[in-house]
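Have a look at the structure below, then the notes.
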Amino acid sequence: MSFTLIGKHEKDSRANRDGYVEAMLEMMAENPKLVHIDCDLMGCINTGKLLKAFPAQTFNAGIAEQNAMGVASGMAATGLTVFAHSFGCFAARRMFDQAFLAAGYSELPVHVIGSDPGVCAAFNGATHMPFEDCALYMNIPNAVVIDSCDFAQTKALTKKLAACGSPSYMRLIRKGFTTVYADGSDFEIGKGVTLRDGKDVTIIASGILVDEALKAEEMLAAKGISARVIDMHTWKPLDEELVLRAAAETGCIVTAENHQVGTGLGSAITNLTSAKNPVPVERIGIQNRFGQVGPQDFLMQQYNLTAEDIVAAALRAIARRQG
């Protein structure tokens, strides 16, 4: 694993979906047994490029997500490595039974891509706003679950998923995103990334909350508080060693996720720490609510997913640690 942190809180001019598309184009050129299945969303995720370049390796299953997962699992059973995409709401709620049984139970390398996770669904509204998608896939034994944050990370982890041999689910921000890492950065499945060191509190974030965590670290530093920031892009398998070391060295943790806190990253970390090193944990994320319509910035405020919310949680965690 090697990475270059940019962390300037600047929007990238590219679409994050193209990190996935670039990785697939490079891998398809080298591996004729790698295929992509889409659910009538090639225009949304820009995978029309795959169809044009590799028509024998790219398939449109139409608006039939459950069938797409069945087809993907059947292809994987013949020795193909399969990626299947739909919006996160459909990739989780609608495809999950087939994902659990046809891919998971059969231990087939089907890699599900769920785009527009959480508040990233924005104007698509409540019905298309998945706050529970990762929770479902975390229940599949031996599955990999990833919440990627930017172009470089998406591209690198797409390639790692193709080689991992396990069924997986990766969240994918489709369009606008904040650049965290320089192109060419590399990551390992199941290994978190320490972005800032600190001794007073640890902030563990993923996806769109990574940049908010970096902003929070700067705000806390201005108050004289030293915060460690970890990008936990892989929720399963969780980097338990890194979490427990942070718990031991800083004594309290804040988790930050664009997902229901009771069934996602925050729950995975509290399950671990409560069993092996109980420390105060404050969880930033969706608090048992449904989605709604609005621009992403508005929704992040509505659901308390901002740097300011992370700072407040850090202060609470420190206060709890101090008793």
- Mean accessible area per residue over the range 1-130 (1.4 angstrom probe, all protein chains present, square angstrom) is 43
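Let me make sure I get this right: for the range 212-323, a, b and c are the square roots of the gyration tensor eigenvalues over alpha carbons, sorted descending. Under 1.5 in a/c it's rounded, otherwise prolate if a/b > b/c, else oblate. Which is it? Write out the running numbers ahead of the final one.
Working: a/c = 1.85, a/b = 1.24, b/c = 1.49.
Oblate.
For the chain, what does the helix formula give at 222 nm: sum of -39500 (n - 2.57) over DSSP H segments with n ≥ 4, over the residue count, nearest 500 deg cm²/dmol? Kindly include the intermediate steps, with their values, before the conclusion.
Values: 11 runs with 116 residues, N = 323.
Mean residue ellipticity, 222 nm, calculated: -10500 deg cm²/dmol.
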- Message: Straight-line reach only, C-alpha to C-alpha below 16 angstrom: list the lysines that Lys159 could link to, leaving out same-chain residues fewer than 8 apart.
- Response: Lys33, Lys191
- Kirkwood Rh over Cα pairs of the chain into Stokes-Einstein at 37 °C, 0.692 mPa s: D in µm²/s? 168
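Based on the alpha-carbon gyration tensor of the range 75-195 and its eigenvalue square roots a ≥ b ≥ c, which shape applies: rounded if a/c is under 1.5, prolate if not and a/b is larger than b/c, or oblate?
Working: a/c = 1.91, a/b = 1.13, b/c = 1.69.
It comes out oblate by the Cα gyration axes.
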- Here, Ser106 and Glu30, labelled 7 Å along Cα→Cβ, have an inter-label distance in nm of 2.7
- Item | Solvent exposure, largest accessible area first (probe 1.4 Å, DNA, RNA and ligands not counted), of Met170, Met138 | Met138, Met170
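Please compute the length gained on full extension between Asn139 and Thr194, using 0.36 nm multiplied by the number of residues separating them and subtracting their Cα-Cα distance.
Values: separation 55, 0.36 × 55 = 19.80 nm, distance 2.65 nm.
Taking 0.36 nm per residue and subtracting the Cα distance, the gain is 17.2 nm.
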- Could you list which residues have their amide H under 5 Å from that of Trp235, counting only those 5 or more apart in sequence or on another chain, with H placed in the peptide plane? Val145, Ile146, Asp147
- Inter-part distance where the range 238-314 and the range 22-55 are each reduced to a Cα centre, Å: 34
- Of Lys49/Lys236; Lys8/Lys223; Lys49/Lys175; Lys223/Lys276, which pairs sit farther than 22 Å apart, going by alpha carbon to alpha carbon? Lys49/Lys236; Lys223/Lys276
- Query: What stretch of the chain, leaving out the sites themselves, is the longest with no trypsin sites (Lys or Arg not before Pro) in a DSSP loop having at most 14 other Cβ atoms within 10 Å?
  - Reply: 34-190
- In whole Hz, with x marking every Gly and Pro, tabulate ³J(HN,Hα) for the range 268-274 from phi via Karplus 6.51 cos²θ - 1.76 cosθ + 1.60, θ = phi - 60°. 4, 6, 5, 4, 5, 5, 5
- Query: If you take all C-alpha pairs in the range 7-68, what percent of them are over 19 Å apart?
  - Reply: 36
- Task: Pick out, from Ala64, Leu157, Val119, the residue whose Cα sits farthest towards the positive end of the charge dipole of the chain, with +1 on the Cβ of Lys and Arg and -1 on the Cβ of Asp and Glu.
- Result: Val119
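Evaluate 2.2 N^0.38 Å with N set to the residue count of the range 271-323, then give the Cα radius of gyration divided by it.
Details: Rg = 14.0 Å, N = 53, 2.2 N^0.38 = 9.9 Å.
Relative to the 2.2 N^0.38 Å estimate, the range 271-323 comes out at 1.40.
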- Item | Whole-number D in µm² s⁻¹ for the range 7-166, Kirkwood Cα-pair radius fed into Stokes-Einstein, 20 °C, 1.002 mPa s | 136
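Which whole-number value in Å² is the accessible area per residue of the range 174-309, probe 1.4 Å? Could you put the intermediate results ahead of the total?
Details: 5100 Å² over 136 residues.
Value returned for the range 174-309: 38 Å² of accessible area per residue.
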- Mind pulling the angle between the C-alpha long axis of helix 307-322 and the longest principal axis of the chain? Nearest 10 degrees, somewhere in 0 to 90. 50
- Report relative contact order for the chain in percent, whole number only (criteria: Cα-Cα under 8 Å, sequence separation at least 6). 18
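First compute the accessible area of the chain with a 1.4 Å probe, then give the percent of it belonging to carbon and sulfur atoms. Don't jump to the answer; show the numbers that get you there.
On the way: 6360 of 12370 Å².
Carbon and sulfur: 51 percent of the exposed surface of the chain.
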- Message: Please give the Cα centre distance for the range 145-200 versus the range 108-133, rounded to the nearest Å.
- Response: 17
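The values are calculated or read from the model by the stated rules, or taken from the named source; none is laboratory data. Here the structure is a predicted model, which is why all the values come from computation and not from measurement. Note: ideal-geometry Cβ built from the backbone for every residue, glycine included; neighbour counts use all protein chains shown. For the accessible areas, the whole protein counts, side chains as well, though only heavy atoms, and no ligand, DNA or RNA atoms are used. Shrake-Rupley method; radii C 1.70, N 1.55, O 1.52, S 1.80 Å.
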